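Q: Here you go, one structure.
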Amino acid sequence: MSRNPVSRRSLLATGGAAALALGTLTAARPALAGTTEPPAVTPTEALRRLRNGNHRFVTGSSRHPHQSMAALQRLAAGQHPFAIIVGCADSRVAPEVLFDQGLGDLFDNRVAGNIVDDLLLGSVEFAVEEFHSPLIVVLGHERCGAVSATINAIRTGGTAPGHIGTIVESLRPVVEPLLDQPGDVVENSVQANVRAQVAGLVQRSHLIAERVDAGTLKVVGARYDLDTGTVTLVD
């Protein structure tokens, strides 16, 4: 779990209910850096920007920022993502869309079940070290197929085909203890998995833990609602 605990609440709580010749373009454009909006420098500001972006998405007022050719050219010289996302590979859970962000804003790490293995942890650490992004969000979502597949495999004693079994075995320690608990086992497992991945990021990485302790980085868990588009934090 994050060393900066956050109680469950809506990220919206304070937000209110053609083509160009590539050779010519490359030769002609100046070397520009940065984005149109300054990088967030605190975890609180980073979380605010995500919350406000999700509010725009949910209310149908998305701005689709930093998605123009001009933004692409500015970012060619370097990136400064203000948040690192550890999300599921589900096609319906695209961070730039649901948080209404654009090129250069988010450092995405997506895999089925939002599982933090050694390779993904290295990717997150790279962003922390290289870009000093102040926020990491582990983003799960309701009705997660990876979680459902794990529950089915455990209950039936079956095996998943091919390398899908690797996903199932990674989620098994989180899901198995919840099979006989009251409530919706998929939903309970989704949230438990988010908490487990948040905790793992801090416990397994001294690079992340040091910055969390210093207050320059926050690690939070969140859940995306497929029906409403709303993102809520998971304690």
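Q: What do you reckon, is residue 103 open to solvent by less than 70 Å² (accessible area, probe 1.4 Å) and in contact with a Leu (Cβ under 6 Å, 6 or more places away or on another chain)?
A: no
Q: Working carefully through the options 19, 70, find the one that is out of contact with any Lys or Arg (no Cβ under 7 Å at 6 or more places or on another chain), modelled with pLDDT under 50 and among the aliphatic types (A, V, I, L, M).
A: 19
Q: Right, another one. In the stretch 125-168, what count of residues is obtained for those that are surrounded by 13 or more Cβ atoms within 10 Å (Cβ to Cβ), closer than 17 Å to residue 189 by Cβ and not β-branched (Val, Ile, Thr)?
A: Here the count works out to 12.
Q: Would you point out the residue of the stretch 182-232, among those that are part of a loop (DSSP other than H, G, I, E, B) and among the small types (Gly, Ala, Ser), that is surrounded by the fewest Cβ atoms within 10 Å (Cβ to Cβ)?
A: 183
Q: State yes or no: is residue 123 small (Gly, Ala, Ser), in contact with a helix residue (DSSP H, G or I) (Cβ under 9 Å, 6 or more places away or on another chain) and at pLDDT 95 or above?
A: Spelling it out, it is not the case that residue 123 is small (Gly, Ala, Ser), in contact with a helix residue (DSSP H, G or I) (Cβ under 9 Å, 6 or more places away or on another chain) and at pLDDT 95 or above.
The values are calculated or read from the model by the stated rules, or taken from the named source; none is laboratory data. Since the structure is predicted, the reported quantities are computational estimates derived from the model, not experimental observations. Please note: Cβ atoms are built from the backbone with ideal geometry, for glycine as well, and neighbour counts cover all protein chains shown. With ligands, DNA and RNA removed, areas are computed over all heavy atoms of the protein, side chains included. Shrake-Rupley method; radii C 1.70, N 1.55, O 1.52, S 1.80 Å.
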